Amino acid sequence: MARRRMHTTAVMSVSLLAVALPGHAAPALAGVGHGPAAPGRCSAGARTLSHFGAHVYPDTGNGGYTSVHTDVDLVYDATANRFLPGNHVTLTDRATQCLTSFSLDFERRSIDSKAGPDMKVRSVTVNGRPAGFTFVQPTYPGDPHGQNDPNPLAHEASQANPVGGPRHNPLPPACSPQLTSTNPAKQNSRNGTPCPANKLVITPSSPVKSGATFTVTVMYTGRPGVHHDGDGTTEGWFRAPDGGFVTTEPVASEDWMPLNDYPTAKPTYDFFDTTNAGKTVIANGVLEWTRHNKPNAEFPGGSVTYHWHSRAPIASYLVEDSIGDFHLTERTADNGIRYYEAQDTSISPAQQKKNRAIMNMQQNITEFESQFNGTYPFTSAGVVVGTPPASFEEEMQTMITFAGGQVGLSKEGMATVAQFLFTARQAEMAAGGPYTHKGQAAFQASLVKTFNGIYAQKASFWVQAPSNPTPFGLFSGSATYARPAAAYLALRQILGPTNFTQAMQQIQREYGGSHITEAQLEAAFHQWMPSQGGACQAKLSEFFTEWFDTAYPSGGGASRPQITGPGLAGPGFYGVPGCRHS
């Protein structure tokens, strides 16, 4: 199903057919740039998990603890689009150092006065005891002057490193800019602007001991909203006539809830959402129960509470929690997986029928894709179709979101390969089926045709390296979508279909539910090279460098990767001394 956007910072989340686009950076560690606290000493937790020099949302994440579990208790008036008194989240964390303070990500207000958030923190408790809290700007990761650096230049936004901007700031950026236009000519217009104070710094009444499990409850009210990304698109809590529609990649979960907003911070979740009677709540995991409540001051017409539970950890950008007039159905497949389908009731019957025809394909597509990546790793799957014209669709974990009232089948990166494989499967079925010579030939011919069409691209197709995006180009263009997908098709030809599939399944076994770096991803594919000789291994390393890490001049031809795969357009792979096709 649709996977239009995927986070591509230093470390990547791994889920079904979503081995993320490689990022050429070491995995981030808690406290990077500030150094770990000395044994027996207490200090503030790091306010970012990004590495020094990062320029793609470097403000995200918080150190000094690991995220274990989150209870989301929304009290939401869908008519007014507001969180009411009693609205809160409770985060269960485990300290990795002795903490005098620690932080969360929470965008209370934004540059968008209309669609952006307008929320207020009412109180914070740690282990049930009142805690102090304040909001501060992020500091660029690794600032030698510390995360309270008094220099304003240490707290500025930029697309790239250094910040540059009107003052020619030579320092790395502390955050990505929030653009209000998708015009490429304006992508650097906010470089050098101050980062917003989106770091909720919490000071418990006494330090949290290293290794201790602790709970943090944040009570807050107000209007949730959207975040303006570094490419000018919006994400987060989209206002719908009947409630709110959530799609939040890469960072806008913090526009409706405080959390550790980083892909590797993966707690499990329970959602206990109370809203107006007649509304439906759609979240991750499995629907455990619903409860109808009597009228009260907040809900004179009565209310309903939904409890969704995810026993699988969820990356911050994959948390789903939409509320509105959804028609929700559920069925259980023979293998025990629950499939949910939800559509906003305001969508026309004709369009709902078209959507349903595609939604009903989810089990078949999931089972087909599992041939390549191994067993589907969750106990549920679903699709929710909302009406707001959000900037994108997203693969929220176990609950794929589609905006604008329509369903589609496009994907990205490694997920785009799944799309290409599904297209090849359709060609296979039309030619005679998967167990016929003609069908298998049609399957292979479809993949070759797709690769050759991509490889023939010219102009600016090859100018951006997939592993070094800017915020503006993170979710658009060839470097995120077609180019890495073509690389994986070439890799499939180099390894052979069987080895490629076994490599993908091994990656899922070893990293599923966790995260993977580019180096780890490449190492896994190296293990499945038919020839383990030095010449072939060196050429495969060169292949990865060309396809993932190299920015080429405009034009194509010689200005593009010069290693492809057997049977594909281009120079191929084998045939050099010491590296022959087995």
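The values are calculated or read from the model by the stated rules, or taken from the named source; none is laboratory data. This structure is a prediction, so every number in the text was calculated from the model and none was measured. Virtual Cβ from ideal backbone geometry, glycine too; neighbours counted across all protein chains shown. We work out accessible area using only protein heavy atoms, side chains counted, and drop any ligands, DNA or RNA first. Shrake-Rupley method; radii C 1.70, N 1.55, O 1.52, S 1.80 Å.
Were the residues from Val68 through Gln406 laid out at 0.36 nm apart, the gain over their Cα-Cα distance would be 118.2 nm.
Sorted on the mean count of surrounding Cβ atoms within 10 Å across their residues, most packed first, peptides 329-336, 443-450 read 443-450, 329-336.
Fully extending the segment from Ala297 to Ser123, taken as 0.36 nm per residue of separation minus the present Cα-Cα distance, adds 60.5 nm.
To the nearest ten degrees, helix 413-431 and the longest principal axis of the Cα atoms of the chain are 50 degrees apart. Given a 1.4 Å probe and the protein chains as shown, Lys120 ends up with an accessible area of around 120 Å². For Lys449, the lysines whose Cα falls under 26 Å of its own Cα, not counting residues fewer than eight places away in the same chain, are Lys411, Lys438, Lys458, Lys539.
Annotation: for a label point projected 7 angstrom from Cα along Cα→Cβ of Ser205, residues of the stretch 88-132 with backbone N closer than 14 Å are 124-132. Working from Cα pairs under 8 Å separated by at least six residues, relative contact order for the chain is 16 percent. P(r) for the stretch 204-250, from all Cα pairs and a bin width of 10 Å, is 20, 30, 22, 24, 4 %, short bins first.
Note on the stretch 314-440: antiparallel DSSP beta bridges, both residues inside, total approximately 45 percent of the bridges counted.
Cα centroids of the stretch 372-440 and the stretch 103-135: 37 Å apart. Seen from all directions on average, the stretch 390-474 presents a Cα convex hull projection of 8.1 nm². Annotation for Gln537 and Phe52: the two label points, set 7 Å from Cα along the Cα-Cβ direction, are 3.1 nm apart.
For the chain, the convex hull drawn through the C-alpha positions has a volume of 157 cubic angstrom per residue. Secondary-structure-derived ellipticity at 222 nm for the chain, considering helices only, amounts to -6500 deg cm²/dmol, per-run term -39500 (n - 2.57) for DSSP H runs with n ≥ 4. Rg over Rh for the stretch 131-278 works out to 1.01, both radii taken from alpha-carbon positions and Rh defined as the Kirkwood radius. Per atom type, the chain shows carbon and sulfur on 54% of its accessible surface, probed at 1.4 Å. Against the empirical 2.2 N^0.38 Å (N residues), the stretch 322-387 has a Cα radius of gyration ratio of 1.20.
The C-alpha atoms of the chain define a longest principal axis, and helix 534-548 lies at about 50 degrees to it. Along the Cα→Cβ direction, 7 angstrom out, place labels at Gln502 and Thr545. What is the inter-label distance in nm? Between Gln502 and Thr545, the simple spin-label model gives 2.8 nm.
Shape summary: the stretch 46-176 maps onto an equivalent ellipsoid whose semi-axes, from the alpha-carbon gyration tensor, are 29, 21, 12 Å in decreasing order. Kirkwood analysis of the stretch 443-496, using all unique Cα-Cα pairs, places the hydrodynamic radius at 11.9 Å.
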